[in-house]
Amino acid sequence: ANGGQSSGLEGLYGLLFQLPVFMHLWFLWFLCWLVVAFVLYTLIAKALRIEMLPRWLVCSPFSLLWLIPLTMLPQSFMQPQSFGPDSSIGLLPVPSVLGYYAVFFFFGAVYWDMDDKQGQLGRWWFLSLPIAIGIVFPIALDLVSGTFGIIPRLEDESTTAMVASFLQATFAWLMTFGSIGLCRRLLSGENKTMRYISDSSYWLYLVHLPLVILAQWMVRDLPLPAFLKFAGITIVISAFLLITYAYGVRYTPIGRL
């Protein structure tokens with residue numbers, strides 16, 4: 001009886017959390033949940049008269065002292081042999097994955113309140129990006145998957161998991177802050193081309209996956225290097241979708257919607 005009940009619960013869990021309902025649109029589904037949570041947060045904040053957080057706690061490197069441990073908590077529930085957070089394409093979001101993205105979502109909401117016109121956040125991008133890409137990422141990836149074989153495995157699995165979670169969380173936030181600083185440095189001025197690409201990005205996100213899968217199937221047996229196939233698919237599909245956006249979406253009822 002206990003075995004049947006356990007099997008039934010596992011089946012129910014798979015049906016609700018793992019059945020591929022949303023596929024690549026799962027992130028939009030997450031945003032729906034996070035927006036509801038944000039509304040509740042604003043109501044509670046107003047009721048408790050919670051004012052803006054101190055700027056140094058949000059806009060300075062000191063923010064890493066609380067962001068990294070907070071991110072490590074949901075990160076520790078992810079698949080141990082894969083780098084970064086899991087996805088969640090089922091009808092209900094996996095709690096650990098939703099919690100992971102909630103940390104970034106609510107930090108963005110808090111940061112928005114800071115009105116950081118001086119660009120305090122990310123001003124050390126020229127340090128954080130090289131450290132993240134050149135040091136933290138290869139060590140973390142090797143520790144998780146043994147890709148490079150340069151980091152010795154720790155005997156204590158719990159210690160390995162904790163260090164891996166720390167490095168993955170550190171990489172995510174260093175890349176986030178570094179990217180914000182780099183984009184502020186290079187793309188802060190008006191640029192019609194970048195604005196157009198930004199406007200079109202939602203359409204490309206919605207419809208790209210079936211075309212990418214079809215293109216992969218068409219080139220899979222061609223005797224070409226994988227990087228060339230990857231680059232070709234990316235360029236051709238992006239160009240095609242930008243054309244469809246220009247003539248079929250941007251100035252149509254779809255675009256207005």
Query raised in the report: Which order do Tyr205, Tyr41 take by accessible area at a 1.4 Å probe, largest first?
Result: Tyr41, Tyr205
Query raised in the report: Dipole magnitude of the stretch 75-163 about its Cα centre, charges +1 at Lys/Arg Cβ and -1 at Asp/Glu Cβ only, in debye to the nearest 20?
Result: 220
Query raised in the report: Any idea of Met78's accessible area? Nearest 10 Å², probe 1.4 Å.
Result: 10
**Report entry** Relative contact order (%) - the stretch 75-218, alpha-carbon pairs under 8 angstrom, separation at least six
**Finding:** 28
Query - Sparse-neighbourhood loop sites, trypsin sites (Lys or Arg not before Pro) in the stretch 174-257 - DSSP loop, at most 13 other Cβ within 10 angstrom - result: Arg220
**Report entry** Per-residue HN-Hα couplings for the stretch 243-257 [Karplus 6.51, -1.76, 1.60; θ = phi - 60°; Hz; x = Gly/Pro]
**Finding:** 5, 5, 5, 5, 9, x, 10, 4, 10, 10, x, 4, x, 5, 4
Requested in this report: Within the stretch 38-80, report the trypsin sites (Lys or Arg not before Pro) that DSSP leaves as loop and that have at most 10 other Cβ atoms within 10 Å.
Outcome: Arg49
Report task. Report the one residue of Ile213, Leu187, Thr176 whose Cα lies farthest in the direction of the positive end of the charge dipole of the stretch 159-257 (charges on C-beta: Lys and Arg +1, Asp and Glu -1; origin at the Cα centre). Result -> Leu187
Query - ³J(HN,Hα) computed for each position of the stretch 56-73 - Karplus, 6.51 cos²θ - 1.76 cosθ + 1.60, integer Hz, glycine/proline x - result: 5, 7, 10, 9, 10, x, 4, 4, 5, 5, 10, 6, 5, x, 5, 6, 4, 4
**Report entry** Volume in Å³ per residue [convex hull over Cα atoms, computed for the stretch 150-257]
**Finding:** 208
Query - Area of Phe137 that stays accessible when all protein chains are in place (1.4 Å probe, Å², to 10) - result: 70
Requested in this report: Specify which labelled value, from (1) -0.87, -1.48; (2) -1.00, -1.37; (3) -1.39, -1.54, agrees with log10 I(q)/I(0) by the Debye sum over Cα atoms at q = 0.14, 0.18 Å⁻¹ derived from the coordinates of the model shown.
Outcome: (3)
Query raised in the report: How big is the charge dipole of the chain about its Cα centre, in debye rounded to the nearest 20, if each Lys and Arg gets +1 on its Cβ and each Asp and Glu gets -1 on its Cβ?
Result: 920
Query raised in the report: Of the accessible area of the chain, with the probe set at 1.4 angstrom, what percent is carbon plus sulfur?
Result: 72
Report summary line: Highest mean packing first, using Cβ neighbours within 10 angstrom, the peptides 139-148, 103-112 sort as 139-148, 103-112
Requested in this report: Mind putting a number on the dipole of the stretch 167-254 about its Cα centre? Charges go on the C-beta only, +1 for Lys and Arg and -1 for Asp and Glu, and I need it in Debye to the nearest 20.
Outcome: 160
Report summary line: Shape descriptors of the stretch 29-88 over alpha-carbon atoms, Rg and Dmax in angstrom, are 15.2, 43
Report summary line: the chain: relative contact order from alpha carbon pairs under 8 Å, six or more residues apart, as a whole percent, is 20
Report task. Using θ = phi - 60° and the Karplus relation 6.51 cos²θ - 1.76 cosθ + 1.60, list the HN-Hα couplings for the stretch 87-95 in order, rounded to whole Hz, with x at every Gly or Pro. Result -> 9, 8, 9, x, 4, 10, x, 5, x
Report task. May I ask you to give the solvent-accessible area per residue for the chain, in square angstrom, as obtained with a 1.4 angstrom probe? Result -> 66
Query raised in the report: If you take the Cα Rg of the stretch 1-141 and divide it by 2.2 N^0.38 Å, with N the number of residues, what do you get?
Result: 1.30
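The values are calculated or read from the model by the stated rules, or taken from the named source; none is laboratory data. Small disclaimer: the values here were computed from a predicted structure and weren't measured. When we count neighbours, we look across all protein chains shown, and the Cβ atoms used for this are built from the backbone with ideal geometry, even at glycine. When the accessible area is computed, the model is the full protein with side chains, heavy atoms only, and any ligands, DNA or RNA have been set aside. Shrake-Rupley method; radii C 1.70, N 1.55, O 1.52, S 1.80 Å.
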